[in-house]
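**Student:** Structure incoming, see below.
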Amino acid sequence: MTSLDVGPVASVAGRVKDAISRVIVGKEEAIELAIVALLCEGHVLIEDVPGIGKTMLAKALARSLGCSFQRIQFTPDLLPSDITGVSVFNQKTADFEFRPGPVLSQVVLADEINRATPRAQAALLEVMEERQITVDGRTLLVPRPFLVLATQNPIELEGTFPLPEAQLDRFLLRLRLGYPDEDEEHQILRRFRQESPLEALAPIVSSEELAAMQHLCRDVYIAQDVEDYLVRLVRATRDHPAVELGGSPRASLALYRCAQALAAARERPYVIPDDVKLLAPCVLTHRLILSPQTHLRGRSKETIVEEVISSVPVPVEN
């Protein structure tokens, strides 16, 4: 067992959570999972119906960080150069000058990402995985830490372009907020009565501190039986009869790192099976491809993941 001190990680995670909670009413689990992705330097897909607070959550998280921030509004006429940047001829110097796009920031909000064409969506593939862009034969590194927060509406399909599997697999987590209950809705009305509390948010952690915490999270201890449980969960998605394409090794690594970050955020220097069990739906669901027969029977990815979790035995302490 490790003697790792994760107190600083838990302290900052708690302060960021408190700051975001001043804007987002309830949804504590979704906020905590967004912070977990932040500690893993992983990308987040926030998927839900309009008006739930998807963009508000992304902006609140970005404002809590002392990092550069850019928002990209994805529309059908968006071009890849609008994301990565473009070279412009300067008549005074008789040379081409590169004008960087919004993706060369530390936190990028890709709002309504499924409204852009596949060509524009593909501009994010390289940068999400390799933290670099290639423009006009030149490779440019993005500033670290780098995080893409994307939102999409899964209900309204007219005029949208579903994200390809390769891009979905690059999102560390998929979050859903859901409707607030009656008491939370009253709190929303009172909280936003005069002005948005989002404007009052101040940075909680600098990019240097965040990078140090991300490095610290990777030292969180995972026992062999917990690691075996994690691997069996991911492999079970590949063997499920309703699944055509299960979780990849990237999914296993994502679940591993998320479990480490969640343990650190909860001030534990070690991972327990419940960490893995809590994170599995958010890490695995969006990565699965169901068989056509499963679609015809009306079964959802969420149901399949629940079946997988219930079928894999949880390790217990001897």
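The values are calculated or read from the model by the stated rules, or taken from the named source; none is laboratory data. Please read these numbers as outputs of a predicted model, since none were measured by experiment. Backbone-built Cβ (ideal geometry, glycine too); neighbour counts: all protein chains shown.
**Student:** Which ones in segment 81-115 are β-branched (Val, Ile, Thr) and surrounded by fewer than 19 Cβ atoms within 10 Å (Cβ to Cβ)?
**Tutor:** Residues of segment 81-115 that are β-branched (Val, Ile, Thr), as a first pass: 83-84, 86, 88, 93, 103, 107-108, 113.
Across segment 81-115, the qualifying residues are 86, 88, 93.
**Student:** If you don't mind, there's one more thing I want to ask. Find all pairs meeting these conditions: Cβ atoms under 6 angstrom apart; at least six residues apart or on different chains; first residue within segment 7-20 and farther than 10 Å from residue 32 by Cα; second residue at pLDDT 90 or above and of a type in the set (S, T, N, Q).
**Tutor:** So the pair list comes out empty.
**Student:** Looking at segment 66-89 only, could you name the residues that are modelled with pLDDT under 85 and of a type in the set (A, V, I, L, M)?
**Tutor:** Quick first cut of segment 66-89, residues modelled with pLDDT under 85 only: 66-68, 86-89.
Correct list: 86, 88.
**Student:** Looking at 60, 110, can you tell me which residue is aliphatic (A, V, I, L, M), touching a Ser or Thr at 6+ places or on another chain (Cβ under 8 Å) and at negative phi? Reasoning before the result, please.
**Tutor:** Values: 60 fails: touching a Ser or Thr at 6+ places or on another chain (Cβ under 8 Å).
Of 60, 110, the one residue that is aliphatic (A, V, I, L, M), touching a Ser or Thr at 6+ places or on another chain (Cβ under 8 Å) and at negative phi is 110.
**Student:** When you go through (1) of a type in the set (Val, Ile, Thr); (2) in contact (Cβ under 8 Å) with a residue 40 or more places away in the chain; (3) farther than 25 Å from residue 253 by Cβ one by one for residue 107, which number turns out not to apply?
**Tutor:** All conditions pass for residue 107, except number (3).
**Student:** Could you pull out every one of the helices (runs of 4 or more DSSP H) wholly within segment 238-318 that has 2 or more residues that are under 16 Å from residue 222 (Cβ atoms) and modelled with pLDDT of 90 or more? Spell out how you get there, then give the answer.
**Tutor:** Details: elements: 249-265, 273-284, 292-296, 301-311.
Ranges flagged: 249-265, 273-284.
**Student:** Right, another one. Counting only residues that are without any contact (Cβ under 8 Å) to a residue 40 or more places away in the chain and surrounded by fewer than 16 Cβ atoms within 10 Å (Cβ to Cβ), which one in segment 54-80 is nearest to residue 202 (Cα to Cα)? Break it down into steps so the answer makes sense when it comes.
**Tutor:** Keep residues of segment 54-80 that are without any contact (Cβ under 8 Å) to a residue 40 or more places away in the chain, which gives 70, 72-73, 77.
Filter again for surrounded by fewer than 16 Cβ atoms within 10 Å (Cβ to Cβ), leaving 73, 77.
Details: 73: 24, 77: 34 Å.
The selected residue is 73.
**Student:** Residues that are among the small types (Gly, Ala, Ser), at least 1 per element: which strands (runs of 3 or more DSSP E) completely within segment 1-106 meet that?
**Tutor:** On the way: elements: 43-47, 69-73, 85-90, 95-100.
It comes to 85-90.
**Student:** Look at residue 177 and say whether it is at pLDDT below 85, assigned to a loop (DSSP other than H, G, I, E, B) and buried (at least 19 other Cβ atoms within 10 Å of the Cβ). Don't jump to the end; show me each part of the working.
**Tutor:** On the way: at pLDDT below 85: yes; assigned to a loop (DSSP other than H, G, I, E, B): yes; buried (at least 19 other Cβ atoms within 10 Å of the Cβ): yes.
Answer is yes for this residue.
One line per residue, one yes/no per condition, for (1) in contact (Cβ under 8 Å) with a residue 60 or more places away in the chain; (2) within 18 Å of the chain's Cα centre (by Cα):
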position	(1), (2)
264	yes, yes
284	no, yes
289	yes, no
314	yes, no
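**Student:** Which residue pairs have Cβ atoms closer than 8 Å, lie 6 or more positions apart in sequence or on different chains, and pair a first residue in segment 194-215 that is surrounded by fewer than 14 Cβ atoms within 10 Å (Cβ to Cβ) and assigned to a helix (DSSP H, G or I) with a second residue that is at pLDDT below 85 and not basic (Lys, Arg)?
**Tutor:** As it stands, the answer is none, since no pair meets every condition given.
This table checks each residue for (1) modelled with pLDDT of 85 or more; (2) within 14 Å of the chain's Cα centre (by Cα); (3) of a type in the set (A, V, I, L, M, F, W, C).
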site	(1), (2), (3)
41	yes, yes, no
49	no, no, yes
53	no, no, no
109	yes, yes, yes
112	yes, no, no
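**Student:** For residue 300, only one of the following conditions fails: (1) under 30 Å from residue 7 (Cβ atoms); (2) without any contact (Cβ under 8 Å) to a residue 12 or more places away in the chain. What is its number?
**Tutor:** Against the list (1) under 30 Å from residue 7 (Cβ atoms); (2) without any contact (Cβ under 8 Å) to a residue 12 or more places away in the chain, residue 300 comes up short only on (1).
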